[in-house]
1. Among the residues of region 209-251, what is the count of those that are without any contact (Cβ under 8 Å) to a residue 24 or more places away in the chain, among the basic types (Lys, Arg) and surrounded by 13 or more Cβ atoms within 10 Å (Cβ to Cβ)?
2. Among the numbered conditions (1) more than 30 Å from Leu166 (Cβ to Cβ); (2) acidic (Asp, Glu); (3) part of a helix (DSSP H, G or I), tell me where Asp26 comes up short.
3. Which of the residues that make up region 48-93 are over 18 Å from Gly118 (Cβ atoms), assigned to a helix (DSSP H, G or I) and not aliphatic (A, V, I, L, M)?
4. Can you give me the number of residues within region 140-151 that are surrounded by 15 or more Cβ atoms within 10 Å (Cβ to Cβ) and either farther than 19 Å from Gly108 by Cα or not small (Gly, Ala, Ser) (or both)?
Amino acid sequence: MKVYLLLCVVLFAFVLAGCSGSGKSDIKTEDPDKAFDIAKVSYDKKDYVQAIEDFSLIKVKFSGTSISDKAQYYLGLSYLKQQEYILAAYEFEYLLKNYATSKYATEGRFQLAMCYFGMSPKWPLDQTYTRQAITEFKNFLELFPTDKNAPEAEAKIKELRNKLALKELKAAELYNTMENYKAATLYYDNVVNEYYDTDYADDALYGKIKTLITRKKYALAKTEIERFETKFPGSNLLLKVKSLINTIPSE
């Protein structure tokens, strides 16, 4: 993932150099603090293309100075505001690697996770970035469980896990349509067991019960109906699940 990210950054940088911005920085001063202030004005004005040019110059020209870490952080933020997520992720990775003790490192780690969140596609597509985003948010929470961004990180994890659960549920439903009931059962199981805390866990267990009945696995279906009643007593599917018992032949 890291190698792929670096290659994308290099390739995209060539494209960016040829088609964005003026190619000139506003910074003429030799004072690093003044240079940062100039770049920050562009950022505050939401002129992120100019901010990227200015912070990029600072990164090279004033490397090792007192403003290096915050300029690096705002460079990442500028890319993120432009929704240039791969470049933003690279800059935040650079911040964490080279300025690990900076006061911007905590926020930088959260923003790194937000980069992958931004790259997470709709559920039918490949979910590599979704899983990477979850990993980065979990890393953030493990290191900074009481940070002001912790509640949002937890909410993002839930949202991303919901997306993964939906993808698995749709796969189960597709296999059901294809009458490949064994495969459908496996996918339903994966949602129930792996994504038990998502909005689709009860849908998956309901689907599994119906599939078991179709497969004439009546004993297992009865067990899963009892499991549903215990696990999801507040589900809006509860009445439908209870009614399924009537479709099971008496022994």
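Values in this text are rule-based calculations from the coordinates and carry no lab data. Keep in mind that what you see is a predicted model, and the values were worked out from it rather than measured. Methodologically, a virtual Cβ is constructed for each residue, glycine included, from the backbone with ideal geometry; neighbour enumeration extends over all protein chains shown.
1. Total meeting the criteria: 2.
2. Of (1) more than 30 Å from Leu166 (Cβ to Cβ); (2) acidic (Asp, Glu); (3) part of a helix (DSSP H, G or I), only one is false for Asp26: (3).
3. The answer is Gln50, Glu53, Asp54, Phe55, Ser56, Lys59, Lys61, Ser68, Asp69, Lys70, Gln72.
4. Pass one, region 140-151, residues surrounded by 15 or more Cβ atoms within 10 Å (Cβ to Cβ): 140-141, 144, 147, 149-150.
From the residues that got through so far, the ones that are either farther than 19 Å from Gly108 by Cα or not small (Gly, Ala, Ser) (or both) too are 140-141, 144, 147, 149.
Count: 5.
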